[in-house]
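The values are calculated or read from the model by the stated rules, or taken from the named source; none is laboratory data. In this text the structure is predicted, and so the values were computed from the model without any measurement. Using ideal geometry, Cβ is built from the backbone for each residue, glycine included, and neighbour counts are taken over all protein chains shown.
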Amino acid sequence: MERYARHLVLPEIGQEGQTNIEKGTVAVFGLGALGSTITDALTRAGVGELKLIDRDFVELSNLNHQILFDEDDLGKTKAEVAEERVREINSKVHVEGKVTNIDSSNIEELISDVDLVMDGTDNLEVRYLTNDACVKHRIPWIYTAVLATYGMTKNIIPDENACLRCFFPEKPSAGSLETCETAGVLFTLPRIMGNIAATEAIKYLTGTEMRKGLLTFDVWDHDFEVTQVEKREEKCKACGERDFQFLKSEDETITELCGRNSVQITPAEEENIDLEELAGRSNDAKKMGDRMVKISTGDYQLNVFADGRAIIKGTEDPKKAKSLYSQYVGN
Ligand SMILES: [Zn+2]
């Protein structure tokens, strides 16, 4: 009671609202700047269960804007660190951190028992995939994006209002848009946008009417706007025709990670690698936390996860990355 005292006296939440928040299960996709902020907010608000999903590990450049991580976490997986941080902040929250790449093979399972999905990714592919999966299974999700000093967010309630493809019908092609790597992001922006999205999540869990329209905000120019784009398009591929093309797409096995001088390799079938054993194979290998092994070799670094996925730093050449993977991990 004492923990939530400030919410209990608030007419917008109160005892009933707080009870409903504690009954909620929310998935957070991506634990970068946005995902960290959203996770922190929902943890402190007392959401009953959080599923935190991220494929990556903590790097020095993350510490400038990702509030769940600090210097001791460098090199560990974000999902593992975030899970521990949530327990430290609020031990009443059931939390599960999962180190995995969100793709068409696992997304439907990832959302199968959640009330709401929060978009904390910086990835268009995952957003279109999230839209397909959430529309298909009629699970609400909150889209949020940040770039430079500008952010946008929209609540997407399947069958009720416009989905992502109603107002952005086609996914922009790879490389056609600036990314946070190339355009940067002002550190205050994801905190503001993440907290606006988290507020809508709390409204959803307490059964309160949510904001209508696409909210856009430029934190530098204080330009705040809500555009009405709530009307569903009959011809929308996702919520109109229910043709979920992103759920059908073949998963790429080798992906260049734009601007990071890295390549990601994802096996077609999820593996179950014995990380202890892998780390013991060579003096160049070292376990980083419980869920990743780092192998350093010359100018390259292989970061191998238990599901068989690896991020190979030091090259943008898929062939080189694959050869290093075969050499150190196998296959
Ligand atoms: Zn639609």
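Among the residues of the stretch 259-276, what is the count of those that are surrounded by 14 or more Cβ atoms within 10 Å (Cβ to Cβ), within 20 Å of the chain's Cα centre (by Cα) and either in the same structural domain as ILE107 (by TED's automatic domain parsing) or not basic (Lys, Arg) (or both)?
Qualifying residue count, the stretch 259-276: 6.
THR206 - would you say it is modelled with pLDDT under 95 and out of contact with any strand residue (DSSP E or B) (no Cβ under 7 Å at 6 or more places or on another chain)?
When the stated conditions are applied, THR206 does not pass them.
Looking only at the stretch 47-99, count how many residues are of a type in the set (A, V, I, L, M, F, W, C) and either out of contact with any strand residue (DSSP E or B) (no Cβ under 7 Å at 6 or more places or on another chain) or touching a residue at least 60 places away in the same chain (Cβ under 8 Å) (or both).
Result for the stretch 47-99: 13.
Take CYS134 and decide whether it is in contact with a helix residue (DSSP H, G or I) (Cβ under 8 Å, 6 or more places away or on another chain) and modelled with pLDDT of 95 or more.
no
Let me spell it out: the conditions are (1) without any contact (Cβ under 8 Å) to a residue 24 or more places away in the chain; (2) under 24 Å from SER249 (Cβ atoms); (3) not basic (Lys, Arg), and SER105 meets all of them except one. Which number is the exception?
That leaves (1) as the condition not met.
Please go through the stretch 302-319 and give me each residue that is over 12 Å from ASP56 (Cα atoms) and surrounded by 20 or more Cβ atoms within 10 Å (Cβ to Cβ), ordered by number.
Within the stretch 302-319, LEU302, ASP307 qualify.
Given the conditions (1) modelled with pLDDT under 85; (2) under 19 Å from LYS76 (Cβ atoms); (3) of a type in the set (D, E, K, R), report the number of the one that LYS313 does not fulfil.
Of everything listed in (1) modelled with pLDDT under 85; (2) under 19 Å from LYS76 (Cβ atoms); (3) of a type in the set (D, E, K, R), LYS313 misses just condition (1).
Within the stretch 124-168, work out how many residues are assigned to a loop (DSSP other than H, G, I, E, B) and either more than 12 Å from the ligand (Cβ to nearest atom) or farther than 18 Å from SER112 by Cβ (or both).
Result for the stretch 124-168: 11.
For the stretch 228-253, what are the residues that are more than 16 Å from the ligand (Cβ to nearest atom) and either hydroxyl-bearing (Ser, Thr, Tyr) or over 25 Å from the mean Cα position of the chain (by Cα) (or both)?
Within the stretch 228-253, SER249, THR253 meet the criteria.
Hey, among LYS76, LYS171, which residue is under 21 Å from VAL263 (Cα atoms) and among the charged types (D, E, K, R)?
Every option except LYS76 fails the conditions.
Where the second residue is surrounded by fewer than 17 Cβ atoms within 10 Å (Cβ to Cβ) and not in a loop (DSSP other than H, G, I, E, B) and the first is without any contact (Cβ under 8 Å) to a residue 40 or more places away in the chain and lies in the stretch 301-322, which pairs have Cβ atoms under 6 Å and are six or more apart or on separate chains?
As it stands, the answer is none, since no pair meets every condition given.
Considering each of LYS136, LYS98 in turn, give the residue that is in contact with a Phe, Trp or Tyr (Cβ under 6 Å, 6 or more places away or on another chain), of a type outside the set (Gly, Ala, Ser), surrounded by fewer than 23 Cβ atoms within 10 Å (Cβ to Cβ) and not assigned by TED's automatic domain parsing to the domain that holds ARG291.
The conditions single out LYS136.
Identify the single condition in (1) out of contact with any Leu (no Cβ under 9 Å at 6 or more places or on another chain); (2) modelled with pLDDT under 95; (3) of a type in the set (Ser, Thr, Tyr) that THR179 does not satisfy, given that it satisfies every other one.
That leaves (1) as the condition not met.
Might you check whether a residue that is within 16 Å of the ligand (Cβ to nearest atom) and charged (D, E, K, R) occurs anywhere in the stretch 111-120?
Yes - at least one qualifying residue is present in the stretch 111-120.
Only one residue in SER36, SER91, SER61 is of a type in the set (Ser, Thr, Tyr), at pLDDT 95 or above and within 29 Å of ILE312 (Cα to Cα). Which one?
Of the residues listed, the single one that is of a type in the set (Ser, Thr, Tyr), at pLDDT 95 or above and within 29 Å of ILE312 (Cα to Cα) is SER36.
Which of (1) part of a loop (DSSP other than H, G, I, E, B); (2) of a type outside the set (A, V, I, L, M, F, W, C); (3) more than 26 Å from ILE107 (Cα to Cα); (4) touching a residue at least 24 places away in the same chain (Cβ under 8 Å) is the odd one out, the single condition GLY289 does not satisfy?
So the condition that GLY289 fails would be (3).
Being within 16 Å of the ligand (Cβ to nearest atom) and either in contact (Cβ under 8 Å) with a residue 12 or more places away in the chain or over 29 Å from TYR150 (Cα atoms) (or both) is the requirement here; does GLN264 meet it?
no
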